[in-house]
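What follows draws every value from the coordinates through simple rules; no lab data is involved. Model, not experiment: these values are computed from the prediction. For neighbour counting, all protein chains shown are included, and Cβ atoms are generated from backbone atoms with ideal geometry for every residue, glycine included.
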Amino acid sequence: MPRINVRHLQVFKVIMEIGTVSGAARVLNVSQPALTKTLKTLEGRMGVTLFERIKGRLHPTPDSHTLLPEVERLFGVLNSVEHLADEIKNGQVGRLTLAASPTLSSTVLCEAVAKFSLEQPRVAVQIKSLSTRAVIEELSNNQADVGLVDVPIGNDLFETIPLCEAEVACVVRDDDPLAERTSLGPKELVDRKLICFADDTYSGMMLRKSFRDAKQPFPQSIAINQSMVGCSLVRQGAGISIIDPFPLLTNPIPGIRLIPFRPEILIRPSMILPPERPQSILSEMFLETLKSSVDEAVLRYPLLRPT
């Protein structure tokens, strides 16, 4: 049997609903002769008589009544597809996978996701909190739509979008004699135990350089790989931590405070996008939400600044 045209089935459905060819022609905005021709074509392709003309009027045959439920089901599916396409176009449904370094995933990323989820409740969001290397791998393998890192990745394959600049700061207990200082540097910290990132990280390397430049020996230290661990150690009295400010900006911990480190060390959180892969409507919408959230944070916190 020749393939049935959906437009032909639409003509059949409307005639069944309206009851007359003239009425169906007005609804479909076509001429009666064109509608009659389409109906004849459909009957010819199906090999079934759908209507009989009795006293000048078309009357559906029993075969038409048998066919109608399936035709209505077909158009119900088509309507659903059109509705879903509209929702996809408007970013209202779908799945979004985000990969981010731990510091950013638990702070600025969570703020943006919370806002985005309220605006788009039918969008499924997955957050993967990973090392910078793992974030890059996820995007390279198309396992994530958007990446968020807090250090330069040095990879030209990715589109990189800077979000802001953030000052590295000292985390000090409220009862520490240094807690009232407006800034802290190598001279004030040389005799204290530091809690910081290792020297194979950007902030760890820059911190050690600042001590060398000040001609001060680098103190004993506890090496960490997550900022929140540093905050917890400070609270337990293990020393002074030098980390990015994000954990305490968005999730303050009673009993400890942030004090700017001098000379200034800046980190530059950035979004990275998968190479050679077009952005989805959802990822574009989320990027706007994330930028907006970071811009609002920059206005609230002195340790952050726009790029």
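Compute the Cα gyration tensor for segment 6-89, then decide on rounded, prolate or oblate, letting a ≥ b ≥ c be the square roots of its eigenvalues: rounded whenever a/c is under 1.5, prolate when a/b is larger than b/c in the other cases, and oblate in all that remain.
prolate
Is any residue of segment 165-194 close enough, with backbone N under 12 Å, to a label point placed 7 angstrom from the Cα of ASP213 along the Cα-Cβ axis, and if so, which?
Only 186 pass the distance filter.
If one takes the longest principal axis of the Cα atoms in the chain, at what angle in degrees, from 0 to 90 and to the nearest 10, does the Cα axis of helix 32-46 lie?
80 degrees
When the chain is fully extended, how far beyond the present Cα-Cα distance does ALA34 get from SER131, taking 0.36 nm per residue of separation? Let's see the in-between values first.
Numbers: separation 97, 0.36 × 97 = 34.92 nm, distance 6.51 nm.
Taking ALA34 through SER131 to full extension adds about 28.4 nm, to one decimal.
Mean-square fluctuation check for the chain, GNM, Cα pairs under 10 Å: which of VAL234, VAL77, VAL146 is largest?
Judging by the Gaussian network model, the answer is VAL77.
Averaging sequence separations of C-alpha pairs under 8 Å and six or more residues apart, then dividing by the length of segment 166-267, give the relative contact order as a whole percent.
50 percent
What percent does the relative contact order of segment 86-234 come to when contacts are Cα pairs within less than 8 Å and at least six residues apart?
So the answer I get is 21 percent.
Would you order MET285, MET46 from fewest to most other beta-carbon atoms within 10 Å of each residue's own beta-carbon?
By the 10 Å Cβ count, ascending: MET46, MET285.
Take the chain, connect every pair of alpha-carbon atoms lying under 10 Å apart with a spring to form a Gaussian network, then pick out the residue of THR201, THR250, THR61 with the largest mean-square fluctuation.
Of THR201, THR250, THR61, the Gaussian network model singles out THR61 as fluctuating most.
Below 8 Å, C-alpha to C-alpha, sequence gap of six or more: please give me the relative contact order for the chain in percent. Please list the in-between numbers first.
Working: 486 pairs, mean separation 65.2, N = 307.
Relative contact order comes out at 21 percent.
Need the full-extension length gain, HIS59 to THR160, defined as separation in residues times 0.36 nm minus the C-alpha distance. One decimal, nm.
Stretched fully, the HIS59-THR160 segment lengthens by 29.8 nm.
With a Förster radius of 25 Å, plug the Cβ-Cβ distance of SER280 and LEU78 into 1/(1 + (r/R0)^6) and report the FRET value to the nearest 0.05.
0.60
Under a plain spin-label model, where a point goes 7 Å from the Cα along Cα-to-Cβ, how far apart in nm are ARG7 and GLN143?
Spacing of the two 7 Å Cα→Cβ label points: 4.8 nm.
Using a Gaussian network for the chain with springs between C-alpha atoms less than 10 Å apart, which of these wobbles most: ILE54, ILE224, ILE18?
Among ILE54, ILE224, ILE18, the largest mean-square fluctuation in the Gaussian network model of the chain belongs to ILE54.
Quick query: amide H of ILE224 versus all other amide H atoms, modeled in the peptide plane; which residues come in under 5 Å with a sequence gap of 5 or more or a different chain?
Counting only residues 5 or more places away or on other chains, the set is CYS196, PHE197, ALA198.
To the nearest 10 degrees, how steeply does helix 108-119 sit against the main Cα axis of the chain, on a 0 to 90 scale?
20 degrees
On average over all directions, what projected area in square nanometres does segment 151-292 have, based on the convex hull of its Cα atoms?
Over every viewing direction, the Cα hull of segment 151-292 projects on average to 9.7 nm².
Based on the Cβ-Cβ distance of ARG305 and VAL27, what FRET efficiency does E = 1/(1 + (r/R0)^6) give at R0 = 45 Å, to the nearest 0.05?
0.15
Which one is right for this structure if semi-axes √(5λ) of the Cα gyration tensor in Å is calculated from it: (i) 32, 25, 20; (ii) 69, 17, 14; (iii) 28, 21, 18?
This structure yields the entry labelled (ii).
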